[in-house]
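Peer 1: Input: one structure, supplied below.
Please treat every number below as a calculation from the coordinates, not as lab data. Note that the coordinates shown come from a computational prediction; the quantities given were computed from them, not determined experimentally. All Cβ positions, even for glycine, are placed from backbone atoms using ideal geometry, and neighbour counts span all protein chains on display.
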Amino acid sequence: MAADRRTHRSHVSYIDKSRNYYGAQGYPQAYQWSYNHDVPFTPLTKPLNECRIGLVTTSFFERKVDKAAVAGSATKEPYAARCDDALGGLYNKDLFWDKDTTHTDDLDTYLPINRLRELAEQGRIGSLAERFYGVPTDYSHRRTSRRDAPQILEFAQEDELDAVILVPL
Amino acid sequence: MSLVARHLEEAGLPTVVMGSARDIVEECGVSRFVYTDFPLGNPVGKPDDVEMQMAITGTALDLLERAWEPRTTVQTPFIWDADSNDDWREHFMKVDDTNREALAAAGDQRRAAQADAKAEGRNRG
């Protein structure tokens, strides 16, 4: 591909876009996005082909199937549900994504349950956990940090996960 | 979501984030990040493109194994629309002279509806 020149960065800044968009709607107070200088890091300590991997999504789970199998009752709370029960798709209509350009009818475009199961069959990972977890997008950093994150950690510990893949829509 | 990844890392669980909102994830700061420069909605690859989904998921696994320090971002090589890749970027949450008045009106309408809902709630006691 030929070299290109640009006066602006090419990737989209959603922080800039959303500030301008909601500002144009008359909301003068811009959202305060999370910023951190320091970042924690835990290395993987065992071979990936012996690891049980978990998945976390921002999508909602439609509790039509076997409610007893779902931990977390209200729709805006973190939940854990069986991967098998997600195969028909999750609920994304209320979330912030580009509905004009694409769709979310293919689960593996935002929650790669089938791909990770194939990778487990190929021996790339030990296994995909039987449950996946959901975290609602919350404008409150406090609720995300103090309520949702500890709950997801608890689920991960119950399922004895070795590593976690998080996929915000 | 990035705040959850940070919490898991602090508790000793390795994580990797797969996403398309690069600035939001990197400002929050995560250990490992697989960035795909796509419209929001399909951070693991295009619909029905199993090969691409497999490649992007595989990159997340590679990062789990090989990243040696935090803030490791890998951008996958995929392009959403090779012919007009700026169209979706410009269209999403667009604000310009063609829609500025409509956006302001929509905001006023929403605030009025919210105020009505609040008043109704008060009347119900």
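Peer 1: Dipole size in debye (nearest 20) for the range B:59-125 around its Cα centre, Lys and Arg Cβ +1, Asp and Glu Cβ -1? Present the calculation step by step, with values, prior to reporting the outcome.
Peer 2: Values: 10 positive and 14 negative charges, 144 e Å.
Charge dipole, the range B:59-125, about its Cα centre: 700 debye, nearest 20.
Peer 1: Can you give the charge dipole size of the protein assembly as shown about its Cα centre, rounded to the nearest 20 debye, using +1 on the beta carbon of Lys and Arg and -1 on the beta carbon of Asp and Glu? Mind showing how you got there, number by number?
Peer 2: Numbers: 36 positive and 48 negative charges, 223 e Å.
Dipole size: approximately 1080 debye.
Peer 1: Just for the protein assembly as shown, what percent of DSSP beta bridges are antiparallel, to the closest 5?
Peer 2: Numbers: 6 of 25 bridges.
Just about 25 percent of them are antiparallel.
Peer 1: Toward the positive end of the charge dipole of the protein assembly as shown, about the Cα centre and with charges on Cβ (Lys, Arg +1; Asp, Glu -1), which of B:Thr36, A:Tyr133, B:Val16 goes farthest?
Peer 2: Sorting the options by dipole projection puts first A:Tyr133.
Peer 1: Here is a follow-up. Roughly what % of Cα-Cα distances in the range A:1-44 sit above 14 Å, to the whole percent? Walk me through the intermediate numbers first.
Peer 2: Numbers: 652 of 946 pairs.
Tail of the P(r) past 14 Å holds 69 percent of the pairs.
Peer 1: Next question. Set Lys and Arg Cβ to +1 and Asp and Glu Cβ to -1, take the dipole of the protein assembly as shown about its Cα centre, and tell me which of B:Ala119, B:Ala5, B:Ala55 lies farthest positive.
Peer 2: Farthest towards the positive pole: B:Ala119.
Peer 1: Moving on. I want to check the label-to-label distance for A:Asn20 and A:Ser34. Put each point 7 Å from Cα in the C-beta direction and report it in nm to one decimal.
Peer 2: Going from the A:Asn20 label point to the A:Ser34 one covers 2.6 nm.
Peer 1: What does the charge dipole of chain A about its Cα centre add up to, to the nearest 20 debye, if the Cβ of each Lys and Arg holds +1 and the Cβ of each Asp and Glu holds -1? Can you show the working numbers first?
Peer 2: Values: 22 positive and 25 negative charges, 137 e Å.
Rounded to the nearest 20 debye, it is 660 debye.
Peer 1: Here's another thing I want to ask about it. Using only the alpha-carbon atoms, what does the range B:36-125 span along each of its principal axes? Please give whole angstrom values in decreasing order.
Peer 2: Cα spread of the range B:36-125 along its principal axes, largest to smallest: 59, 38, 29 Å.
Peer 1: Suppose only helical runs count, i.e. DSSP H with n ≥ 4. What mean residue ellipticity at 222 nm does that imply for chain B under -39500 (n - 2.57) per run, divided by all residues and rounded to the nearest 500 deg cm²/dmol? Kindly include the intermediate steps, with their values, before the conclusion.
Peer 2: Values: 5 runs with 63 residues, N = 125.
After summing the helix terms and dividing by residue count, I get -16000 deg cm²/dmol.
Peer 1: Just tell me how shielded A:145-154 is by partners: mean number of partner chain Cβ atoms within 10 Å of each residue's Cβ, no decimals.
Peer 2: Numbers: counts 4, 2, 0, 4, 9, 3, 2, 6, 7, 1.
Mean inter-chain Cβ contacts per residue within 10 Å come to 4.
Peer 1: Something else now. Can you give the % of DSSP beta bridges in chain A that are antiparallel, to the nearest 5? Write out the running numbers ahead of the final one.
Peer 2: Details: 6 of 15 bridges.
Taking every DSSP beta bridge within chain A, about 40 percent pair in antiparallel fashion.
Peer 1: Same structure again: Translational diffusion coefficient, Stokes-Einstein: compute it for the protein assembly as shown using the Kirkwood radius over C-alpha pairs as Rh, at 25 °C and 0.890 mPa s, and state it as an integer in µm² s⁻¹. Present the calculation step by step, with values, prior to reporting the outcome.
Peer 2: Numbers: Rh = 20.2 Å.
Here the translational diffusion coefficient equals 121 µm²/s.
Peer 1: Here's a follow-up. Per DSSP H run of n ≥ 4, the term is -39500 (n - 2.57); total these for chain A, divide by its residue number, and report the mean residue ellipticity at 222 nm rounded to 500 deg cm²/dmol. Intermediate results must be reported in sequence, preceding the final value.
Peer 2: Details: 3 runs with 30 residues, N = 169.
Rounded to the nearest 500, it is -5000 deg cm²/dmol.
Peer 1: Hey, could you grab the Kirkwood Rh for the range A:80-164? Inverse mean 1/r over distinct alpha carbon pairs, Å, one decimal. Provide the component values of the computation, followed by the final result.
Peer 2: On the way: mean 1/r = 0.0682 Å⁻¹.
Taking the inverse mean of 1/r over all distinct Cα pairs, the range A:80-164 comes out at 14.7 Å.
Peer 1: Still on this model: P(r) for chain A: what percent of alpha-carbon pairs falls in each 10 Å bin, starting at zero?
Peer 2: The calculated distribution, bin by bin, is 8, 30, 33, 21, 7, 1.
Peer 1: Looking at chain A, do any whole DSSP H helices span at least 18 angstrom along their long axis by alpha carbon and average -0.5 or above on Kyte-Doolittle, and which? Working shown, then result.
Peer 2: Numbers: long enough: none.
Long hydrophobic helices here: none detected.
Peer 1: Please report A:Tyr31, A:Tyr22, A:Tyr79, B:Tyr35 as a ranked list, fewest other C-beta atoms within 10 angstrom at the top and most at the bottom. Display every interim value, and only then the final one.
Peer 2: On the way: A:Tyr31 10, A:Tyr22 18, A:Tyr79 24, B:Tyr35 21.
Ranking A:Tyr31, A:Tyr22, A:Tyr79, B:Tyr35 by Cβ neighbours within 10 Å, fewest first, gives A:Tyr31, A:Tyr22, B:Tyr35, A:Tyr79.
Peer 1: Further, regarding this structure: Would you tell me the mean number of C-beta atoms belonging to other protein chains that fall within 10 Å of each C-beta in B:48-55, as a whole number? Could the numbers behind the result be given before it?
Peer 2: Values: counts 4, 3, 5, 0, 2, 9, 9, 1.
For this peptide, the per-residue mean of nearby foreign Cβ atoms is 4.
Peer 1: When the Cα centres of the range B:25-60 and the range A:119-160 are compared, how far apart do they sit, in Å?
Peer 2: Cα centroid of the range B:25-60 versus Cα centroid of the range A:119-160: 17 Å apart.
Peer 1: If we count other beta carbons within 10 Å of each Cβ, what is the order of A:Ile15, A:Ile53, fewest first? Don't jump to the answer; show the numbers that get you there.
Peer 2: Numbers: A:Ile15 16, A:Ile53 24.
In increasing order of surrounding Cβ atoms, one gets A:Ile15, A:Ile53.
Peer 1: Also, I was wondering about something else. Beyond 15 Å, how much of the Cα-Cα pair distribution for the range B:48-88 remains, as a whole percent?
Peer 2: Values: 449 of 820 pairs.
The calculated P(r) of the range B:48-88 puts 55 percent of pairs beyond 15 Å.
Peer 1: While we're here: Just want the ordering: B:Phe78, A:Phe61, from fewest to most Cβ atoms lying within 10 Å of their own Cβ.
Peer 2: Lowest to highest Cβ neighbour count: B:Phe78, A:Phe61.
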